[in-house]
1. I'm told E:Leu127 meets every condition in (1) free of Cβ contacts under 8 Å to residues at least 24 places away in the same chain; (2) of a type in the set (A, V, I, L, M); (3) within 14 Å of chain A (Cβ to nearest Cβ) except one. Can you identify the failing condition by its number?
2. Which of the following residues is under 13 Å from F:Pro11 (Cβ atoms) and touching a Gly at 6+ places or on another chain (Cβ under 8 Å): F:Pro160, F:Pro120?
3. Return the residues of region F:104-142 that are among the small types (Gly, Ala, Ser) and buried (at least 17 other Cβ atoms within 10 Å of the Cβ); say none if nothing qualifies.
4. Could you tell me which numbered condition D:Ile132 fails, if it satisfies all but one of (1) touching a helix residue (DSSP H, G or I) at 6+ places or on another chain (Cβ under 6 Å); (2) among the aliphatic types (A, V, I, L, M); (3) away from chain F (no Cβ under 13 Å)?
5. Which of the residues spanning region A:147-162 are within 14 Å of another protein chain (Cβ to nearest Cβ) and assigned to a loop (DSSP other than H, G, I, E, B)?
6. Quick one: which residue in D:Ala112, D:Ala137, D:Ala152, D:Ala125 is closer than 24 Å to F:Arg167 by Cα and under 20 Å from the mean Cα position of the chain (by Cα)?
7. Taking the options F:Ala112, F:Ala82, F:Ala64, name whichever one is farther than 30 Å from C:Phe49 by Cβ and of a type outside the set (Val, Ile, Thr).
8. Select from region A:59-85 the residues that are assigned to a loop (DSSP other than H, G, I, E, B) and within 14 Å of chain B (Cβ to nearest Cβ) and list them in ascending order.
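The values are calculated or read from the model by the stated rules, or taken from the named source; none is laboratory data. Everything numeric in this text was worked out from a predicted model, so none of it was measured. Neighbour counts are summed over all protein chains in view; Cβ atoms, including those assigned to glycine, are modelled from backbone coordinates with ideal geometry.
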6 protein chains.
Amino acid sequence: MRGLLIGRYQPFHRGHLGTVRAIRASAPDAELVIAIGSAEESYTFENPFTASERFEMVVRAVRAAGLDGIVPVPVPDIRRHALWVRYLEGLLPPFEVVHTNNPLTRLLFEKAGYRVESPPLIDRARLEGRKIRTLLATGGAWSARVPPVVAAYLKEVDAPGRLALLRRPSATGPRPRP
Amino acid sequence: MRGLLIGRYQPFHRGHLGTVRAIRASAPDAELVIAIGSAEESYTFENPFTASERFEMVVRAVRAAGLDGIVPVPVPDIRRHALWVRYLEGLLPPFEVVHTNNPLTRLLFEKAGYRVESPPLIDRARLEGRKIRTLLATGGAWSARVPPVVAAYLKEVDAPGRLALLRRPSATGPRPRP
Amino acid sequence: MRGLLIGRYQPFHRGHLGTVRAIRASAPDAELVIAIGSAEESYTFENPFTASERFEMVVRAVRAAGLDGIVPVPVPDIRRHALWVRYLEGLLPPFEVVHTNNPLTRLLFEKAGYRVESPPLIDRARLEGRKIRTLLATGGAWSARVPPVVAAYLKEVDAPGRLALLRRPSATGPRPRP
Amino acid sequence: MRGLLIGRYQPFHRGHLGTVRAIRASAPDAELVIAIGSAEESYTFENPFTASERFEMVVRAVRAAGLDGIVPVPVPDIRRHALWVRYLEGLLPPFEVVHTNNPLTRLLFEKAGYRVESPPLIDRARLEGRKIRTLLATGGAWSARVPPVVAAYLKEVDAPGRLALLRRPSATGPRPRP
Amino acid sequence: MRGLLIGRYQPFHRGHLGTVRAIRASAPDAELVIAIGSAEESYTFENPFTASERFEMVVRAVRAAGLDGIVPVPVPDIRRHALWVRYLEGLLPPFEVVHTNNPLTRLLFEKAGYRVESPPLIDRARLEGRKIRTLLATGGAWSARVPPVVAAYLKEVDAPGRLALLRRPSATGPRPRP
Amino acid sequence: MRGLLIGRYQPFHRGHLGTVRAIRASAPDAELVIAIGSAEESYTFENPFTASERFEMVVRAVRAAGLDGIVPVPVPDIRRHALWVRYLEGLLPPFEVVHTNNPLTRLLFEKAGYRVESPPLIDRARLEGRKIRTLLATGGAWSARVPPVVAAYLKEVDAPGRLALLRRPSATGPRPRP
């Protein structure tokens, strides 16, 4: 028996960790697949961290929290909504329950016959990826919003410098697009 | 002899039907290829319906209107403007005339040597895809703006519910991208 | 109610036409979608004709045969077998029955819950695409193996010359790959 | 500290398991990332099983063998050899050692500065994916060549039937390509 | 010894030419590769000119300016930032120095071990692609902002007409997307 | 006025150089664009060298031969034959004549209205890419078949070692696919 939680985890913050903890507590016998979406993206303001870096954040955070039964899997976007569920079914280890608060995700998985549950959202006003990225970019107080091991990791890869740069990538000179 | 009309038909509304009727009336001996563009898109606010659903709308609408000589063809985007005409030439049955009011479409087909004609636009102030999608999403009076059989079909697939959801896909919680 | 028949139709030969006629005769009230597969391919020995040319062959052949209720649709390959059925469902007008003698096609559609039927194969020893392409390439007696209107069309586009060339594309000199 | 082992695991056999066991025994403090390559492939003779099925085989086999510290990750092909190492670095959790007997894999990772080691190959004459797939397809004695839990799983998904079919996909009738 | 300058050159203006001249003057023994980015784009307001047209502008401008040692190379986007440097290394002739004022470009090349230099920016307030495109679209005074041979070329391909059209592509009627 | 010569140049050998010299001699006022095809390929037996390496071979060889007016351009495959000419027109600097001995290349460019000429083939029995790659892989006498500067470059990048390895990439152990 496995559950599925999908996100981009840019970065993996305390809201994510709280959700994971709640899901694991409510279903201790079910592994939880954490799909790391938009895995091909990195070095943009919306998706600053590579899938590799996000995988590492997830691993460190769940280990520090003493959570087991977590299976992180990077998932490149398919960008075709009608194929998304089928695509995930072919890529991820088999799962039976989907945990989401996103209405489109709910709609697509329910159409495909899945049981969909709404996990608790933890302090959403403060724990939201875009807000934390903005704090990282502007020298704000971001570190208490992510687990301590993630805060340490973000310093290790100079996330504040990267985000500051990505927020205004085109300040001067020609703007090539990778 | 065939003509070509290109659109996304999200949804196929009374303006589209009026244009098709006018083209067929002006050239009763020419079949009309209706290219259903952005065929790979669905379940977004800009492109809520699959190509399959849009194909069905076209078929039902032209049949109810007693129009014959219509050839609907779904066309995935190629996203390279300089290749677009050549791409359509390789995919669609041969055509000689292009019906469009879009200046870029006109430019690209004229460069390639095609005859381009401007079909009548029917009540554009009311009959515009984005407006109809907004009415669908917000409980507005959309149904008179599409042919009756399309209105019935849109209810059948719960288009109002889908559009309401797609207009605010990220209300709460993590926002995975398919 | 619609049926689905999938092929590449390189070229559309008398075996294809016989199969289409048999399906239409057995289910006169059901439209038949003819999916023209590998639509992005052309100018190779396996796939010498563009989807546009194949679409035209189908149209001319079914019209000459007095068959109605035929809906040809070009379909680019998705190249991911596990997504194929779902991809076709999103692209083609809705269908309920699949006609195929190919065991993989049968397996994938049956897994997805479709009714699958085996249409008659007409004189398969002679009416097989690769054999007809080889006859075209080598000056053999190909024309009786396709419907007369297709034979005329193949001469119109100089299919014998094209196939002769494609059979040995690399006779001399550097071999660029498109 | 992590090691990396890359394969397609079509299916995951006793040779793979022996290699994994040897790597884990030689470096008990290092996690081992098992990259499941060609993750987008399935339902062909070369790649009959989806990444999802192969992920499940790996999980069941290592659990039954009492091995821990294993991190399976599905990896779609990038098909550009010069980018492959960089692509894996962006997708997988960070790794420092690569275990491979494939000379091209060795060359590409050594060029990128990695330490590359040659794990033991277990009874390669018998334990080779293609041979086992052929045995599956032809009713041969395949089951002793995979771990017992994998043998059970392969029966569960009717691998013998699937392989028999994939070995001759085009026995009769038109051959559409997904 | 070669240097690399990356841009989109939509169009190639006097600021670009001044930068190229300064780089060549500071390193007369080093060839300069001019990577023409987003080479697959054309006929949009952001990227109105094909790579072919931009290649021609560069050639004419540097020849008229008496500059030698220039190697223009069109480069399609890879759209995966983490792979960009490696992708360019596989496509372009070998280079050792990168000239850029873009902070993301600097970051990615420095991470990969390159020497990165900041070329002078010439009159950036006036010589900026988007401003010149807007002047072209609106009948403004654009021609003194590009080298005279580029001005002549832009008239030759009716750049003012193209830009006017691309600035408002969707004025009327259905909006197909290529 | 420009001519176009398309090849893969795996490697750039004395036959290629002789052809280039003959084209330049016959049209001294026309630049010659050398399109380096399959630019995305490398590290396979068919395409062992990156576009970067092939670009460098061309540059060194034509410089050593005292040839000017050569414009090398790497070109990724588009893999859709019907779009190939149009794709090249959008990517390469404008050209008016195509030099080729390949019948498919001739057909596609003639259909698009180009003048196509057949350059001399130099000692094709000995100077053929595949033969030279085989000699490189097997320790044969390859070096006299390429220009001396190319021979030196091939030694510099250990082409013999690379080819030997690529000829038998799957000698032992699992065979991941990049």
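1. Every listed condition holds for E:Leu127 apart from (1).
2. Criteria check complete, one pass: F:Pro160.
3. Let us first name the residues in region F:104-142 that are among the small types (Gly, Ala, Ser), namely F:112-113, F:118, F:125, F:129, F:137, F:139-141.
Scanning region F:104-142 gives F:Gly129, F:Ala137.
4. Failing condition for D:Ile132: (3).
5. Matches in region A:147-162: A:Val157, A:Asp158.
6. Working: D:Ala112 fails: under 20 Å from the mean Cα position of the chain (by Cα); D:Ala137 fails: closer than 24 Å to F:Arg167 by Cα; D:Ala152 fails: closer than 24 Å to F:Arg167 by Cα.
The match here is D:Ala125.
7. On the way: F:Ala112 fails: farther than 30 Å from C:Phe49 by Cβ; F:Ala82 fails: farther than 30 Å from C:Phe49 by Cβ.
So the residue among F:Ala112, F:Ala82, F:Ala64 that is farther than 30 Å from C:Phe49 by Cβ and of a type outside the set (Val, Ile, Thr) is F:Ala64.
8. Filtering region A:59-85 for residues assigned to a loop (DSSP other than H, G, I, E, B) gives A:65-69, A:75-80.
Selection gives A:Val75, A:Pro76, A:Asp77, A:Ile78, A:Arg79, A:Arg80.
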